[in-house]
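**Student:** Pasting in a structure now, in structure tokens, and then I'll have a few things to ask.
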Amino acid sequence: MKKLFALLLAAVMLMSVTTVFAEDDVITLKVAHIGPTTGAAALYGLATLHGAEIAVEEINAAGGKYRIELINEDDEHNVEKVINAYNAALDAGAQMILGTTTSKPCEAAGAQGYVDRVFFLTPSASSPAVTEDKDNVFQICFSDPNQGLASAQYIAGHSLGTKIAVIYNNADVYSTGIRDTFVAEAAKLGLEIVSETTFTDETTDFTVQVADAQNKGAEIVFLPMYYTPASLILKTAADKEYHPVFFGVDGMDGILSVEGFDTSLAEGVMLLTPFVATAQDDLTVSFVAKYQAAYNEIPIQFAADAYDGIYILIAAAEKAGITADMSAEEACELMIAAMLELQVSGLTGTMTWDETGAVSKTPMAATIVNGEYVFE
Amino acid sequence: MKMTRAKRSKIIYNIVTFALVIGAFFILQSMIDAKTISRSLKGQLVPICCWIVMAVSLNLVIGISGELSLGHAGFMSVGAYTGAVISGVLVNLYGVQDTTLRLVIAIAAGGVMAGIVGALIGIPVLRLRGDYLAIVTLAFGEIIRNLVNVLYIGTGDGRVYSSILNKKLPEGVTMLVDGAKGAVKIKPISTFMAGFILILITLVVVLNLVNSRAGRAIKATRDNRIAAESMGVNVTKYKMMAFVTAAVLAGMAGALYGLNSSTVVPTQFTFNQSINVLVFVVLGGLGNILGSVISATALTVLPEVLRAFADYRMLVYAVVLILVMIFTNNPTIRAITSRLFAPLKSFFRRAAKYAPAVGGAVKELGGEEEGEEQKHE
């Protein structure tokens, strides 16, 4: 009897919680996620989609003033298709866009959105061209130049060494963007670039690049790239018994989950990242648990960015007073104004924004020790 | 003045092709004016025009002249980059604000550049027999892609700066082409009208060429090179004519395509993209210009229509492709469709017979010179 009573009471309480906002007061925002959910960059598009889905579930279950209806459109990481995806999202009634996941498509869609007046919040498009000359686009991740800058400053500030080798993908916007500012900043800080070698998306053999760094006696090898080529470089270096300090950027996150990769090779690798899945704070632990339960994999930084993105959109919408019947054009100006006054704490740090659309948050450097990320 | 049966059917074919393109244009344009068109379809109009031109021009090389070209996207990228640079230079240095003028100059320049590149490739390769063109164009597509990957062009201080391999431009230069970042900060100026006109130009050029003396020579070299040579046909010259024309048209399509977006990246013009255009051509039928127009449109729109299938979209797309291939090559189904269209065909045939005025007008378009026909006979 007692149990039944408790259950009843719980039910009543639950009812009272959910009825705080009567159905009329609940505002359902239509948010479109645009990213590559098929094709070569699907890994990143799916990560942002899944991250966003978890946040949307949480928000809709919490029963606040705002609910979110998530629309998903695939852009195939293609500059032409992204415009189709963007138009399809607006046809479906999207009021704002969470996306796009990758840089070049985001540049194209954001420019179209600038003309049409549609608000974009990109979780992970990090090229500066994404926000340049567009007041409607805001970033959650660091821009590439900022990562290059922060990496050079970190290496100089912590006296990790002065002879540096850089290996980068010269066919990739992300990689060249970071490399450009890194090299420029390194020169200013008195760091010496002794070796600089390139590769492309098709490269699978890094013997030449690693040998060049080794022969020229580099103490630090800077790897501005995603983790797949980085894992090959670590393997090649280990085979050559070359053990410098490897320094990566946020694309390196995920290296420990590469299939068939001996994680001991990544021992001592340093990387600049705003999110690590093994962090012990409550928010990260709960996010990682939910993500693993839903998708059976460890979330990468992209997923965390998108998860934060949904909460940022809700916070900005609340501040801007967005209603369900507003068109994307009407919502855009209000959202832009609200973003400038916003401060949001999420998985990837405490964030504020300025007119350029770039985020400011503190970069963190992690070192891989015993197969786990350790922050200083 | 009596027309042969084959000639009549050619004229009908040309009427249908033009009528279809012009009709589609007016329907879509009226939908735009009435604002009943969806955003999604409206956004695809210019790309569809570009892919139609790409498919028709590639069909000229593959279907009409019988050479396999696997680098058609390379010509498109030459046109796209040239168009973007020319348009940027016109604005930044000469202050040309008129978008129509800029678009016309950019498209013309894109065509000329691609034509020059096409001639450079064609001169050595088209002298050879065999599948060399396929191999060389394949390599060419990749070379162009890797070249633009390390190409830097910018404007500043009243002049154009450029460098290759390393970004050695002075500070404060407005970048037009920025290496791996592609052509950047393009002001989109392409219009559906421009795309439509480009398709018309392409059709007039290609259909005229195909039905002209030169076109017959091109087809003769395709069907039997030795016989054509023994008749005194200069094989290299006519193969060059088809190949360079196709390159020019692809360059123009590329310029239109590039200026439709705010940015163009080298990775858009990979080998896969060339194969994509090849699929349009094969699906539409080798040598069938109308078929290329229809298949390029259908295959560009199809993935967008299939968005409802979400994750299974590309799978459904592939299945549709296979089914279409099977059905269009099935003799029973072909017999049924030809029977279905028979009344329509006989109507056009009669119309062409009894209305010399219409026939005459079409003849102009089709480029059928009566005297020339006689000469060959």
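The values are calculated or read from the model by the stated rules, or taken from the named source; none is laboratory data. Owing to the predicted nature of the structure, the values given are computational and were not obtained by experimental measurement. Heads up, the Cβs are rebuilt from the backbone with ideal geometry, glycines too, and the neighbour counts pull from every protein chain shown. With ligands, DNA and RNA removed, areas are computed over all heavy atoms of the protein, side chains included. Shrake-Rupley method; radii C 1.70, N 1.55, O 1.52, S 1.80 Å.
**Student:** Could you tell me which of the pairs A:Lys188/A:Lys216; B:Lys187/B:Lys237; A:Lys134/A:Lys163; A:Lys188/B:Lys167; A:Lys81/B:Lys219 are separated by over 28 angstrom between their Cα atoms in the structure shown?
**Tutor:** Over 28 Å Cα-Cα: B:Lys187/B:Lys237; A:Lys134/A:Lys163; A:Lys81/B:Lys219.
**Student:** Label 7 Å along Cα→Cβ of A:Thr278; segment A:217-258 residues with amide nitrogen under 11 Å?
**Tutor:** A:256-257
**Student:** Another question about this same structure. Helix B:356-366 versus the longest principal axis of chain B: what is the Cα-based angle in degrees, 0 to 90, to the nearest 10?
**Tutor:** Relative to chain B, helix B:356-366 is tipped by roughly 40 degrees.
**Student:** Let me ask something else. Determine the per residue accessible area of the protein assembly as shown with all protein chains present and a 1.4 angstrom probe, expressed in square angstrom.
**Tutor:** Ligands and nucleic acids excluded, the result is 43 Å² per residue.
**Student:** How much accessible area does B:Phe280 have with a 1.4 Å probe, in Å² rounded to the nearest 10?
**Tutor:** 10 Å²
**Student:** Then there's this: Does chain B come out rounded, prolate or oblate, given a ≥ b ≥ c as the square roots of the eigenvalues of its C-alpha gyration tensor, rounded meaning a/c under 1.5 and, failing that, prolate meaning a/b above b/c?
**Tutor:** Taking the square roots of the gyration eigenvalues as a ≥ b ≥ c, chain B is prolate.
**Student:** Could you compute the FRET efficiency for B:Leu68 and B:Leu315, with r as their C-beta to C-beta distance and R0 at 22 Å, rounded to 0.05? Please report the intermediate quantities before stating the final value.
**Tutor:** Numbers: r = 28 Å, r/R0 = 1.29.
Computed FRET efficiency for B:Leu68 and B:Leu315 comes out at 0.20.
**Student:** Cβ under 14 Å from B:Leu299's Cβ, B:Leu299 left aside: what net charge do those residues give with Lys, Arg +1 and Asp, Glu -1?
**Tutor:** Working: positive: A:Lys81, B:Arg313; negative: A:Glu80, B:Glu304.
Neighbourhood net charge equals 0.
**Student:** Starting from the Cα of A:Lys290, draw a straight line to each of the lysines and keep only those under 26 Å, dropping any in the same chain fewer than 8 residues away.
**Tutor:** Answer for A:Lys290, where 26 Å is the Cα cut-off: A:Lys30, A:Lys65, A:Lys361, listed by chain and number.
**Student:** Note down the accessible area of A:Glu267, probe 1.4 Å, to the nearest 10 Å².
**Tutor:** 80 Å²
**Student:** For the protein assembly as shown, what does the helix formula give at 222 nm: sum of -39500 (n - 2.57) over DSSP H segments with n ≥ 4, over the residue count, nearest 500 deg cm²/dmol?
**Tutor:** -19000 deg cm²/dmol
**Student:** Still on this structure, I have one more. So if we plug the beta-carbon distance of A:Glu202 and B:Val96 into 1/(1 + (r/R0)^6) with R0 = 45 Å, what FRET efficiency do we get, rounded to 0.05?
**Tutor:** 0.70
**Student:** In percent, what relative contact order does chain A have, based on Cα pairs under 8 Å that are 6 or more apart in sequence?
**Tutor:** Worked out over chain A, it gives 17 percent.
**Student:** Also, quick follow-up: In peptide B:41-47, how many Cβ atoms from other protein chains are near each Cβ within 10 Å, on average?
**Tutor:** Whole-number average of other-chain Cβ neighbours for B:41-47 is 4.
**Student:** Now a separate question. Per residue of segment A:346-360, what does 6.51 cos²θ - 1.76 cosθ + 1.60 with θ = phi - 60° give for ³J(HN,Hα)? Whole Hz please, x for Gly and Pro, Karplus curve as stated.
**Tutor:** For segment A:346-360, the Karplus curve yields x, 4, 9, x, 9, 10, 9, 10, 10, 4, 5, x, 7, 8, 10 Hz.
**Student:** Next question, about the same structure. Using θ = phi - 60° and the Karplus curve 6.51 cos²θ - 1.76 cosθ + 1.60, what whole-Hz ³J(HN,Hα) does each residue of segment B:98-103 get, with Gly and Pro shown as x?
**Tutor:** Working through the residues one at a time gives 5, 5, 5, 4, 4, 5 Hz.
**Student:** Next up: So in the protein assembly as shown, what percent of DSSP beta bridges are antiparallel if you round to the nearest 5? Spell out each step's value before the answer.
**Tutor:** On the way: 25 of 59 bridges.
Once the DSSP bridges in the protein assembly as shown are tallied, antiparallel ones form about 40 percent.
**Student:** I want the local charge near A:Ala293. Using Cβ-Cβ distances under 15 Å, sum +1 for each Lys or Arg and -1 for each Asp or Glu among the other residues.
**Tutor:** Surrounding charge for A:Ala293 is -3.
**Student:** Can you work out the FRET efficiency for the pair A:Ser257 and A:Ala40, with r the C-beta to C-beta distance and R0 = 22 Å, to the nearest 0.05?
**Tutor:** Numbers: r = 18 Å, r/R0 = 0.83.
After rounding, the FRET efficiency stands at 0.75.
**Student:** Tell me, what ³J(HN,Hα) does each residue in segment A:180-190 have, in order and in whole Hz, if you take phi through Karplus 6.51 cos²θ - 1.76 cosθ + 1.60 with θ = phi - 60° and put x for Gly and Pro?
**Tutor:** Couplings: 4, 6, 4, 5, 5, 6, 4, 4, 5, 8, x Hz.
**Student:** Additional query: How many angstrom lie between the C-alpha centres of segment B:78-156 and segment B:20-34?
**Tutor:** Measuring centre to centre over Cα atoms gives 31 Å.
**Student:** Now a separate question. Which residues' amide hydrogens lie under 5 Å from the amide hydrogen of A:Val269, considering only partners 5 or more residues apart or on another chain, with H built in the peptide plane?
**Tutor:** A:Ile368
**Student:** On to the next question. Would you please give the residues with an amide H less than 5 Å from that of A:Met364, counting only those at least 5 places away or on a separate chain, with H modeled from the backbone geometry?
**Tutor:** Amide H neighbours of A:Met364, under 5 Å, 5+ apart: A:Thr273.
**Student:** Return the whole-Å distance between the Cα centroid of segment A:274-315 and the Cα centroid of segment B:231-284.
**Tutor:** Taking the Cα centre of each part, segment A:274-315 and segment B:231-284 sit 46 Å apart.
**Student:** Moving to a separate point now. How many partner chain Cβ atoms sit within 10 Å of a residue's Cβ in peptide B:187-195, on average, as a whole number? Mind showing how you got there, number by number?
**Tutor:** Numbers: counts 1, 5, 0, 0, 0, 0, 0, 0, 0.
Mean partner-chain Cβ count within 10 Å for B:187-195: 1.
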